[in-house]
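The values are calculated or read from the model by the stated rules, or taken from the named source; none is laboratory data. In this text, all values refer to a predicted model and were calculated from it rather than measured experimentally. Cβ sites come from the backbone with ideal geometry, for glycine too, and all protein chains shown count toward neighbours. We work out accessible area using only protein heavy atoms, side chains counted, and drop any ligands, DNA or RNA first. Shrake-Rupley method; radii C 1.70, N 1.55, O 1.52, S 1.80 Å.
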Amino acid sequence: MACKISNSMFLCWGPSQRPIRSQTIAIHSSTASICHLKWDNLLVKGINHRKGIIPLRRNKVIQAVAVPVRPSSADSADSAEDRKQLAETYGFRQIGEPLPDNVTLKDVIDTLPRKVFEIDDVKAWTSVLISVTSYALGIFMISKAPWCLLPLAWAWTGTAITGFFVIGHDCAHKSFSKNKLLEDIVGTLAFLPLIYPYEPWRFKHDRHHAKTNMLSEDTAWHPVWEKEFETSPFLRKAIMFGYGPFRPWMSIAHWLIWHFDLNKFRLNEVKRVKISLACVFAFMAIGWPLIIYKTGIMGWIKFWLMPWLGYHFWMSTFTMVHHTAPHIPFKHSDEWNAAQAQLNGTVHCDYPRWIEVLCHDINVHIPHHVSSRIPSYNLRAAHKSIQENWGPYLNEATWNWRLMKTIMTVCHVYDKEQNYIGFDELAPNEASPITFLKRVMPDYA
């Protein structure tokens, strides 16, 4: 027997009936069930966020006795209205229904057409041609642009080399070519201009896919732990800036921390990690001096550093939008569900078309998490299939300022009951970076 609350009424269902709003309440069922109100708390939190009001830190706990009452169609409509209101508040097009617990990731994969898994060499090498051509155009633009137009040239070039990352990303997932040695060579070369060691990134990224939105185990992003936040005033301020104003470049810290320390890898991985590190250091030892020799230090900043920072802007932005929202939970391993994390916990976000082309549709991200073996050039066909079969469960957005503002000012410290607590709630007297963002960031959706 399970229990939930809607419009002040207890609604319960037997084992043969599916819950309509399974995330509304976390249930510990017995004769007397302890129910944690969560969905309504998210609504209040979203409304308060829009108004600039700091939400309460903890939910109230209610003692409830399960009574066998069938969920009504009115409650389903109410739930849909709740999700619509949250979507508007957080900057989403749609917030998906909770995925039923009995759905497995295999169930989702089995609905995909087989053709989306097929590797096409022509399409794969066309993506390489697009990235190389757009990057060369960017370098030409930087060399010719007056100082006032350099930011535009850097933005284009940084986006173009993000396409290099996506090509290496496909190689790491073994979805670029049927020749696995060729994939490793192309992946290594594609990552070199980014100073990214291919094998260390591949090993860590595979764990991100295996443990998406799992607390501690996910190697991409996870919320700040409260005990970490309270360690010291200096660290607290650094975390606030990192997860606040500097969040669009936090992938630089992730790059440094996760990919160059041999102690972070298994013994059987170390040999390949060392080869990748040697390639990266060789590129730095040869490529950087050549750039400086030909163009000087300012040339190195113009032609390499600024596009590299542009790449990290997209790396950080894409990654946090893919899996971060106030309604998307991170869970402990004993509570984690693969289908819910990959389908329900991943966000599809549309960007301007030129960004999608240069970045090879990496933001068509839900099918990529359903199966990482789908090549980037097949992601749109896979997403269309998922929309047809699982559309009500999808989280979808078009990039907008409200979405970014929500992530950067709300999604901070882990909380089991309401997913996130904002820094300004835990330390209101020290949260000037967050209050600054709330004041200056646009709220357009």
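Only one of these is within 26 Å of residue 159 (Cα to Cα), in contact with a Phe, Trp or Tyr (Cβ under 6 Å, 6 or more places away or on another chain) and touching a residue at least 12 places away in the same chain (Cβ under 8 Å): 442, 367. Name it.
The match here is 442.
Out of 320, 284, 298, I need the residue that is among the aliphatic types (A, V, I, L, M) and surrounded by 13 or more Cβ atoms within 10 Å (Cβ to Cβ). Which one?
That would be 320, the only listed residue that is among the aliphatic types (A, V, I, L, M) and surrounded by 13 or more Cβ atoms within 10 Å (Cβ to Cβ).
Among the residues of segment 378-399, which ones are within 27 Å of residue 310 (Cβ to Cβ) and surrounded by fewer than 21 Cβ atoms within 10 Å (Cβ to Cβ)?
380, 396, 398, 399 - these are the residues of segment 378-399 that are within 27 Å of residue 310 (Cβ to Cβ) and surrounded by fewer than 21 Cβ atoms within 10 Å (Cβ to Cβ).
So, in segment 104-133, how many residues would count as being of a type in the set (A, V, I, L, M) and within 22 Å of the chain's Cα centre (by Cα)?
The total comes to 3.
Specify the residue that is surrounded by the fewest Cβ atoms within 10 Å (Cβ to Cβ); the eligible residues are those in segment 418-445 that are within 20 Å of the chain's Cα centre (by Cα) and part of a loop (DSSP other than H, G, I, E, B).
My answer is 445.
Given the conditions (1) open to solvent by 30 Å² or more (accessible area, probe 1.4 Å); (2) modelled with pLDDT of 95 or more, report the number of the one that residue 124 does not fulfil.
(1)
Among 100, 113, which is the only one that is at pLDDT 95 or above and either hydrophobic (A, V, I, L, M, F, W, C) or surrounded by fewer than 19 Cβ atoms within 10 Å (Cβ to Cβ) (or both)?
Answer to the check: 113.
Across segment 144-155, what is the total count of residues that are free of Cβ contacts under 8 Å to residues at least 40 places away in the same chain, touching a helix residue (DSSP H, G or I) at 6+ places or on another chain (Cβ under 9 Å) and part of a helix (DSSP H, G or I)?
Adding up the residues that qualify gives 5.
When you scan segment 233-254, how many residues do you find that are open to solvent by less than 40 Å² (accessible area, probe 1.4 Å) and closer than 19 Å to residue 432 by Cα?
9
Does residue 405 satisfy the condition of being open to solvent by 20 Å² or more (accessible area, probe 1.4 Å), in contact with a helix residue (DSSP H, G or I) (Cβ under 9 Å, 6 or more places away or on another chain), closer than 30 Å to residue 235 by Cβ and of a type in the set (D, E, K, R)?
Against the criterion (open to solvent by 20 Å² or more (accessible area, probe 1.4 Å), in contact with a helix residue (DSSP H, G or I) (Cβ under 9 Å, 6 or more places away or on another chain), closer than 30 Å to residue 235 by Cβ and of a type in the set (D, E, K, R)), residue 405 qualifies.
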